[in-house]
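Asker: Shown below is the structure under consideration.
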């Protein structure tokens, strides 16, 4: 799968705090304003069996299902949007006891890549340009 997005950033909270905050995917609309709502099964924090639907503010929906799950290290789910299959990897790396690097890696495949891959990357990067600073602010506010 070609990599479209590779975004790494640092938050000033312990790895476990960052993990538990992001693992509550249903709460993502608080910082990811491009997401209207998230349906997660089972509800709560993500699990190895997690699957769900992201309801985007533009009216589209994207389904996802967990593919890899290593607690406090990373999770990767596969989703679909239009004619794309999208891999979303979320990686957590402790830099110190009070700092964590988060990395979002997005890869795509499918026959829609030549038509929609660049457009998807441009829109998603624009969304992340807004969402990541809001996520950093939200996580840093959790400092103990």
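Asker: Calculate the FRET efficiency for residue 141 and residue 118 from the Cβ-Cβ distance with a Förster distance of 41 Å, rounded to the nearest 0.05.
Answerer: It comes to 0.70.
Asker: As I understand it, the value is the acute angle between the Cα axis of helix 113-140 and the longest principal axis of the Cα atoms of the chain; what does it come to in degrees, rounded to 10?
Answerer: Approximately 20 degrees, to the nearest ten.
Asker: Can you tell me the alpha carbon radius of gyration of the range 3-140 divided by the globular rule-of-thumb value 2.2 N^0.38 Å?
Answerer: Working: Rg = 14.3 Å, N = 138, 2.2 N^0.38 = 14.3 Å.
Relative to the rule-of-thumb radius for its length, the range 3-140 sits at 1.00.
Asker: In Å and whole numbers, how far do the C-alpha atoms of the range 1-63 stretch along each principal axis, longest first?
Answerer: 34, 29, 26
Asker: For the chain, what is the mean residue ellipticity at 222 nm derived from helices alone (per DSSP H run of n ≥ 4: -39500 (n - 2.57); sum divided by total residues; nearest 500 deg cm²/dmol)?
Answerer: Helix contribution divided over all residues of the chain: -8500 deg cm²/dmol.
Taken together, the values in this text are just the output of simple stated rules run on the coordinates, not laboratory data. Just so it is clear, the structure is predicted and the values come from calculations on it, not from any experiment. Cβ sites come from the backbone with ideal geometry, for glycine too, and all protein chains shown count toward neighbours.
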